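Colleague: Shown below is the structure under consideration.
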Amino acid sequence: MIKLVLITLLSTLFPCTAFAQLTQEQQLAKEKGLTLYQQSDWYDSQPLLESAAIAGDETAQYYLAEAIRLSNRYTTGEARKWYEAAANQGHLYAMLRLSSKNNICLDMKGCGGKGADE
């Protein structure tokens, strides 16, 4: 009886999310991508993180979005797509990034592919 109550409580508090099952290759790519991201190598980290992000890994989705945003200096549609994917899985920082009002391109109704400096 206690198990049933505990399971019900946990399933209520933590909605069902799909946990990504990464292959060994995807896991290694994710780890290397995260290492490059932490070294501020946002361009080279993107293809590595993308393979795990496509497989549904919320951490890879978030950091891929961050790498895209930082390399373009604003939140592009592609970055937003990955933030939303991570947020839909309950990633708190992705939710916070999506709620940010500090996006000049959003305020200007889009940057039209031009850099944020323009």
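The values are calculated or read from the model by the stated rules, or taken from the named source; none is laboratory data. For clarity, every value in this text was computed on a predicted model and none was experimentally measured. Because the Cβ atoms are built from the backbone with ideal geometry, glycine has one as well, and the counts that use them run over all protein chains shown.
Colleague: Gln89 versus (1) closer than 18 Å to Ser100 by Cβ; (2) touching a residue at least 60 places away in the same chain (Cβ under 8 Å): which is the lone unmet condition?
Modeller: Among (1) closer than 18 Å to Ser100 by Cβ; (2) touching a residue at least 60 places away in the same chain (Cβ under 8 Å), the lone unmet condition for Gln89 is (1).
Colleague: Of the residues in segment 30-55, how many are within 14 Å of the chain's Cα centre (by Cα) and assigned to a helix (DSSP H, G or I)?
Modeller: Just the residues of segment 30-55 that are within 14 Å of the chain's Cα centre (by Cα), to begin with: 30, 33-34, 37, 42, 45-55.
Subsequent filtering for residues that are assigned to a helix (DSSP H, G or I) retains 30, 33-34, 37, 42, 45-54.
Selection size over segment 30-55: 15.
Colleague: Sticking with this structure for a sec: If you take the residues of segment 57-82 that are at pLDDT below 95 and not in a helix (DSSP H, G or I), which of them is surrounded by the fewest Cβ atoms within 10 Å (Cβ to Cβ)?
Modeller: Arg73
Colleague: Considering only residues that are closer than 19 Å to Tyr93 by Cα, among the small types (Gly, Ala, Ser) and surrounded by fewer than 20 Cβ atoms within 10 Å (Cβ to Cβ), which ones fall in segment 40-56?
Modeller: Ser40, Gly56, listed by residue number.
Colleague: Run Ile54 past the list (1) in contact with a helix residue (DSSP H, G or I) (Cβ under 9 Å, 6 or more places away or on another chain); (2) more than 21 Å from Ala87 (Cα to Cα) and report the number of the one that doesn't hold.
Modeller: The single condition Ile54 does not satisfy is (2).
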